[in-house]
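Below is one structure; the comments refer to it alone.
The values are calculated or read from the model by the stated rules, or taken from the named source; none is laboratory data. A quick note: this is a predicted structure, and the numbers were derived from the prediction, not measured. Here Cβ is always computed from backbone atoms with ideal geometry, including for glycine, and neighbour counts include all displayed protein chains.
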Amino acid sequence: MKADAIIEKILEDARQSASKTLAEAGETVEKMRAKAEEESAARKQAAREKARQAAEEQRRTMMRMAELDQRKELLSMKRRLLDETFGGTLARMEAMNPAEAREFMTRKLLEAAQGDETLAVSPRQAEIFDEAFVDQVNRLLSEKGVPGQLARRVDQSVSDGGLLLQRGGMTVDLTYRSILNEIRPSLEAQAAELLFH
């Protein structure tokens, strides 16, 4: 019987040892599960933070792009408005009555002419800048001490209002479009100030 008691004792010790080993294994598994959950939660939090930062950066990028697009559209609108303004100015110059056109062009010729050039005039303005106009400008040039020997010819190639002042191979473009284009850069800032501020 003693052998039965010894076997029972061995079995009881084995059961206790197995139970203890199972309990320890359970604790180890529980610790590993808790650590895994903690690490998973930390990874999830890091992923959420990274996603939040990426979303914020994307939002900032989209806002910058939208602001840039808005600025480009505003600049385009301002450019169109300035173009329309200068286009309207050109139309008003083209629509000057003959007396205004002669007075305007007389001032330009007195500034630019050396006195012996040819005035190339468009057919549509031949009546405005006629021989009487050339005679008057020649008189004014002579009064300034400049040779008053301007000549005039109607030239089909002159399509804009105004005229061309030609001498030898040199041409001074005194068409309204050219005059406006020449002064536009200096006037554009003033026009923008008036239109946009």
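A compact table of results
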read-out: Selected residue [closer than 18 Å to Asp160 by Cα, in contact with a Gly (Cβ under 9 Å, 6 or more places away or on another chain) and in a loop (DSSP other than H, G, I, E, B)] from Met96, Met105; value: Met96
read-out: Of the criteria (1) polar (S, T, N, Q); (2) surrounded by 14 or more Cβ atoms within 10 Å (Cβ to Cβ); (3) in a strand (DSSP E or B), which one Thr171 fails; value: (2)
read-out: Residue among Leu150, Leu141 that is over 26 Å from Glu188 (Cα atoms), touching a strand residue (DSSP E or B) at 6+ places or on another chain (Cβ under 9 Å), of a type in the set (A, V, I, L, M, F, W, C) and in the same structural domain as Gln190 (by TED's automatic domain parsing); value: Leu150
read-out: Yes/no for Arg139 being part of a strand (DSSP E or B), over 37 Å from the mean Cα position of the chain (by Cα) and free of Cβ contacts under 8 Å to residues at least 40 places away in the same chain; value: no
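Per-residue answers, yes or no, for (1) of a type outside the set (Asp, Glu); (2) modelled with pLDDT of 90 or more; (3) part of a helix (DSSP H, G or I); (4) more than 19 Å from the chain's Cα centre (by Cα):
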{"residue": "Glu37", "(1), (2), (3), (4)": "no, no, yes, yes"}
{"residue": "Gln58", "(1), (2), (3), (4)": "yes, yes, yes, yes"}
{"residue": "Thr61", "(1), (2), (3), (4)": "yes, yes, yes, no"}
{"residue": "Leu68", "(1), (2), (3), (4)": "yes, yes, yes, no"}
{"residue": "Arg71", "(1), (2), (3), (4)": "yes, no, yes, no"}
{"residue": "Leu74", "(1), (2), (3), (4)": "yes, no, yes, no"}
{"residue": "Leu81", "(1), (2), (3), (4)": "yes, no, yes, no"}
{"residue": "Gly87", "(1), (2), (3), (4)": "yes, no, yes, yes"}
